[in-house]
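Trainee: Please see the structure below; I have some questions.
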Amino acid sequence: MHPSPRTSRWAAPVATLFGLGYIPWAPGTWASLATTIAWWLLTAAVRPNWQSAVALLLAGFAIGLGIPAATRVARETGQKDPQFVVIDEVAGQFIPFLAIPASWKSLLLGFILFRGFDIVKPPPVRQLERLREGLGIVMDDVAAGVYAFGIMQILFHTGLLPT
């Protein structure tokens with residue numbers, strides 16, 4: 001069941017990343033990939049010393065807008081965590097890119113790590129899904145992003161992730 005176009009003029013486009021969430025196969029992966037590609041394109045326009053701030057701002061924006069959008073869409077559809085809501089993947093996918101120089105290796109690894117943690121949901125990621133409505137929908141992906149961020153930082157600072 002999709003959200004009503006009449007009652008969610010802003011929420012459905014935000015929650016589904018302008019319809020990307022309606023892709024029938026692996027919409028979360030497509031949203032993460034779109035976010036990674038968008039970040040790669042943005043890094044060409046943002047000075048390296050500002051990239052972490054911009055990634056943090058974008059993650060915060062996706063979280064701040066994503067929670068109410070996901071809440072509204074979940075209420076309208078009667079689903080706890082609709083598969084077509086993918087703004088949570090956008091929020092979580094920006095997090096591994098914080099404080100890491102952008103390169104094809106770091107982007108690929110950040111994408112793979114985030115998707116892996118988002119799919120496996122190690123504790124407490126799975127437990128965060130129990131939070132109410134949009135908060136639970138978004139925060140489990142934020143936690144998956146934090147796990148990926150931690151691994152990225154360890155690999156970068158030990159020299160195992162060359163840029």
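Please treat every number below as a calculation from the coordinates, not as lab data. Note that the coordinates shown come from a computational prediction; the quantities given were computed from them, not determined experimentally. Note: ideal-geometry Cβ built from the backbone for every residue, glycine included; neighbour counts use all protein chains shown.
Trainee: How much of the calculated P(r) for the chain lies past 27 Å, in percent of all Cα pairs?
Mentor: Tail of the P(r) past 27 Å holds 21 percent of the pairs.
Trainee: Additional query: If the elastic network links every pair of Cα atoms under 10 Å, which of Leu108, Leu41, Leu128 fluctuates the most in the Gaussian network model of the chain?
Mentor: Sorting by GNM fluctuation, first place goes to Leu41.
Trainee: On to the next question. If each DSSP helix of 4+ residues adds -39,500 (n - 2.57) and the sum is divided by the residues in the chain, what number results at 222 nm, nearest 500 deg cm²/dmol?
Mentor: So the helix-based figure for the chain works out to -20500 deg cm²/dmol.
Trainee: Before anything else, pin down the relative contact order of segment 26-125: Cα pairs under 8 Å, at least 6 apart, normalised by residue count, whole percent.
Mentor: Reported relative contact order: 40 percent.
Trainee: At most 14 other C-beta atoms within 10 Å and a DSSP loop state: those are the exposed chymotrypsin sites (Phe, Trp or Tyr not before Pro) I care about. Give me the longest piece of the chain that has none.
Mentor: Value returned for the longest uninterrupted segment is 26-163.
Trainee: Farthest toward the dipole's positive end in the chain, which of Phe114, Ala26, Phe61, given Cβ charges of +1 (Lys, Arg) and -1 (Asp, Glu) about the Cα centre?
Mentor: Result: Phe61.
Trainee: Could you give the distance between the Cα centres of segment 30-109 and segment 124-157, to the whole Å?
Mentor: The two parts, judged by their Cα centres, are 12 Å apart.
Trainee: Next question, about the same structure. Return the single residue from Ala143, Ala34, Ala91 with maximal mean-square fluctuation; model: Gaussian network over the chain, springs between Cα atoms under 10 Å.
Mentor: Its mean-square fluctuation being the largest, the pick is Ala34.
Trainee: Select from segment 1-101 those trypsin sites (Lys or Arg not before Pro) which occupy a DSSP coil region and have at most 11 other Cβ atoms within 10 Å, ordered by residue number.
Mentor: Sparse-neighbourhood loop trypsin sites (Lys or Arg not before Pro): Arg6, Arg9.
Trainee: Karplus couplings for segment 52-57 from phi (6.51 cos²θ - 1.76 cosθ + 1.60, θ = phi - 60°), rounded to Hz, Gly and Pro as x?
Mentor: Karplus values, whole Hz, x for Gly and Pro: 5, 5, 5, 4, 5, 4.
Trainee: Running a GNM on the chain with Cα contacts under 10 Å, which residue among Gly66, Gly136, Gly150 ends up with the highest mean-square fluctuation?
Mentor: Result: Gly150 has the largest fluctuation of those listed.
Trainee: Gain in length, Phe18 to Arg126, computed as 0.36 nm per residue apart minus the alpha-carbon separation, to one decimal in nm?
Mentor: Full-extension gain reported as 36.2 nm.
Trainee: Of Ile37, Ala15, Val125, which is farthest along the charge dipole of the chain in the positive direction, counting Lys and Arg as +1 and Asp and Glu as -1 at C-beta?
Mentor: The listed residue farthest towards the positive side: Ala15.
Trainee: Give me a comma-separated list of calculated 3J(HN,Hα) values for segment 84-91, in order, Karplus coefficients 6.51, -1.76, 1.60 applied at θ = phi - 60°, integers in Hz, x for any Gly or Pro.
Mentor: 7, 7, 10, 4, 5, 5, 4, 4
Trainee: Please list, in order along segment 16-29, the HN-Hα scalar couplings obtained from phi with the Karplus expression 6.51 cos²θ - 1.76 cosθ + 1.60 (θ = phi - 60°), rounded to whole Hz, x for Gly and Pro.
Mentor: 9, 6, 6, x, 4, x, 7, 4, x, 10, 6, x, x, 5
Trainee: Considering the options Leu155, Gly134, Val85, tell which one lies farthest towards the positive end of the dipole of segment 75-163, charges being +1 on Lys and Arg and -1 on Asp and Glu at the Cβ, about the Cα centre.
Mentor: So the residue furthest toward the plus end is Leu155.
Trainee: I would also like to ask the following. When only alpha-carbon atoms are used, what values of Rg and Dmax, in angstrom, describe segment 33-114?
Mentor: Rg then Dmax for segment 33-114, in Å: 13.9, 44.
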